[in-house]
Structure formats: C-alpha cells, structure tokens
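Here the structure comes first, spelled out in structure tokens, and everything after it is commentary.
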Amino acid sequence: MRSKLLLGQLLLQKRMITPDQLEVALKKQQEQGGLLGDVLLDLGFIQKEKDFLPLLAMQFGVEFVDLKDR
C-alpha cells in the first residue's frame, strides 16, 4: 500500500531521524536544492541500503528486495 506521507514524515514516524535532523536537512535542501533523500544521505543522517531504499519502496507501495541477501 502506497504511503500518503512525505519522506520526512515517514522518517520521523519510523524514528529514523529526529525532528532536528529533518529541520537541518530541509534548510540545506532549501538553500542548495536537490531531493530531500539525497540531502539526508549526504548529511549522513540515513544510510542508503539500510534506511532509505526500504522506506522509499514503502512510500511508493512496492516491495523492497535486497539482492545482497540472496
């Protein structure tokens, strides 16, 4: 099922980032542009394989399959 929440809201809901981290990332995104996920990755607040990709799959309502585990 596709999530109607924005990425930042999902990350907060899952306690993967703090409200302060989201605020920093949103400010940097506003200043420099780009996608929030990329900004969060660049800042080191989330990890691509562990945090971001499964959450992105959830946001779009598709199953995440980690091929490294196969």
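The table below gives the values:
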{"quantity": "From Gln32, Gln9, Gln47, residue being open to solvent by 50 Å² or more (accessible area, probe 1.4 Å) and modelled with pLDDT under 90", "calculated": "Gln47"}
{"quantity": "Test: residue in the range 50-68 that is open to solvent by 100 Å² or more (accessible area, probe 1.4 Å), touching an Asp or Glu at 6+ places or on another chain (Cβ under 8 Å) and without any contact (Cβ under 8 Å) to a residue 60 or more places away in the chain", "calculated": "yes"}
{"quantity": "Residues within the range 16-29 that are surrounded by 14 or more Cβ atoms within 10 Å (Cβ to Cβ) and within 21 Å of Lys4 (Cβ to Cβ), tallied", "calculated": "6"}
{"quantity": "Boolean, Leu41 is out of contact with any Lys or Arg (no Cβ under 8 Å at 6 or more places or on another chain) and open to solvent by less than 50 Å² (accessible area, probe 1.4 Å)", "calculated": "no"}
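The values are calculated or read from the model by the stated rules, or taken from the named source; none is laboratory data. Here the structure is a predicted model, which is why all the values come from computation and not from measurement. Cβ coordinates were reconstructed from backbone atoms using ideal geometry, including for glycine residues, and neighbour counts include every protein chain displayed. Each accessible area value is taken on the protein alone, full model and side chains, heavy atoms only, with ligands, DNA and RNA left out. Shrake-Rupley method; radii C 1.70, N 1.55, O 1.52, S 1.80 Å.
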